[in-house]
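No lab work stands behind these numbers, since they all come straight from the coordinates. All values derive from a computational prediction rather than experimental measurement. Glycine gets a Cβ as well: all are built from the backbone with ideal geometry, and neighbour counts include every protein chain shown.
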Amino acid sequence: MADIWTTIATERGALADALATLTPSQWDTPSLCTGWTVRDVVAHLSATASLNPATFFLALARAGFNFDKFADGQIAKRRGPDAAATLEEFRRLQHSTSAPPGPKTSWLGEIVVHGEDIRRPLGISHAYPPDAVAQVIDFYKGSNMLIGSKSRISGLALRATDHDWHHGQGDRVEGPLLSLLLATTGRVAGCDDLTGPGVPTLRSRCAPN
């Protein structure tokens, strides 16, 4: 597949183009991230693209090492006075390769998963590169960092119906790879596209929208 940062920039650009078509009320639509609107998620993506390890730790320290307070502060900083300013800031950072500490795959995950946090409530479909989605879910499946993905899918046999990908043993869960990724990262909306005896268990482990 393409270089990760190239893919990230491409996906940021595609999301920005979709955002440019939104009405003011659509910007205020609740996203799949509980408590965050579409505009909040875009501001969060801008914040991530503007930080580096040093500025990340400095801002986190100023927030008293309270991650929720830190995230909310970064969103407030990047929202701007209106939605147009929020979008302008996001476009400005399209090709940024700056990020908090962490593997590059996690930042690919940011734009894919948060892209769907935005698109799904708005009814906007998008075709991500399948290999990129597979790379992201392969990253999350083995990690409990921040969002507990590894524990969430423990004891389940996940299988994509649109890509050569499977993971785990246990009660079967099948569906589109992107929906498996969303459910793995705690988005209950992803479970709506899944079938199999393991779906109720996975749904119960996902945070409510």
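Structure summary
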quantity: Nitroxide proxy distance, nm - points 7 Å out along Cα→Cβ at residue 77 and residue 104; calculated: 2.5 nm
quantity: Per residue convex hull volume, Cα atoms of region 4-122, in Å³; calculated: 90 Å³
quantity: Förster-model FRET efficiency, 41 Å R0, residue 164 and residue 94, C-beta, rounded to 0.05; calculated: 0.85
quantity: Label selected from (1) 23; (2) 45; (3) 28, the criterion being percent of Cα pairs over 29 Å apart as computed here; calculated: (1)
quantity: Added length on full extension, which subtracts the Cα-Cα distance from 0.36 nm per residue, residue 125 to residue 85; calculated: 12.0 nm
quantity: Cα gyration tensor shape of region 130-205, rounded if a/c is under 1.5, else prolate or oblate by comparing a/b with b/c; calculated: rounded
quantity: Fluctuation leader among 160, 18, 99 - the chain, Gaussian network, Cα springs under 10 angstrom; calculated: 18
quantity: Amide H partners (placed H, <5 Å) of residue 172, local residues excluded; calculated: 157, 198
quantity: For 116, 174, order by how many other beta-carbon atoms lie within 10 Å, fewest first; calculated: 174, 116
quantity: Helix 83-92 axis, angle to the chain major axis (alpha carbon atoms, nearest 10°); calculated: 80 degrees
quantity: Paramagnetic reach from residue 138 (point 7 Å along Cα→Cβ, amide N under 11 Å) across region 1-39; calculated: 1
quantity: Long-range HN-HN contacts of residue 37 with modeled amide H, under 5 Å; calculated: 31
quantity: Ascending count of other beta-carbon atoms within 10 Å, so fewest first, for 179, 98, 25, 50; calculated: 25, 98, 50, 179
quantity: In Hz, Karplus ³J(HN,Hα) per residue of region 145-154 (6.51, -1.76, 1.60; θ = phi - 60°; x = Gly, Pro); calculated: 4, 6, 10, x, 4, 4, 5, 4, 9, 4
quantity: Order of 57, 67, 90 under a 10 Å beta carbon neighbour criterion, fewest first; calculated: 67, 57, 90
quantity: Alpha-carbon centroid distance for the pair region 147-164 / region 1-77, whole angstrom; calculated: 25 Å
quantity: Lys pairs, the chain - Cα-Cα below 19 angstrom, 8 or more residues apart or on other chains; calculated: 4
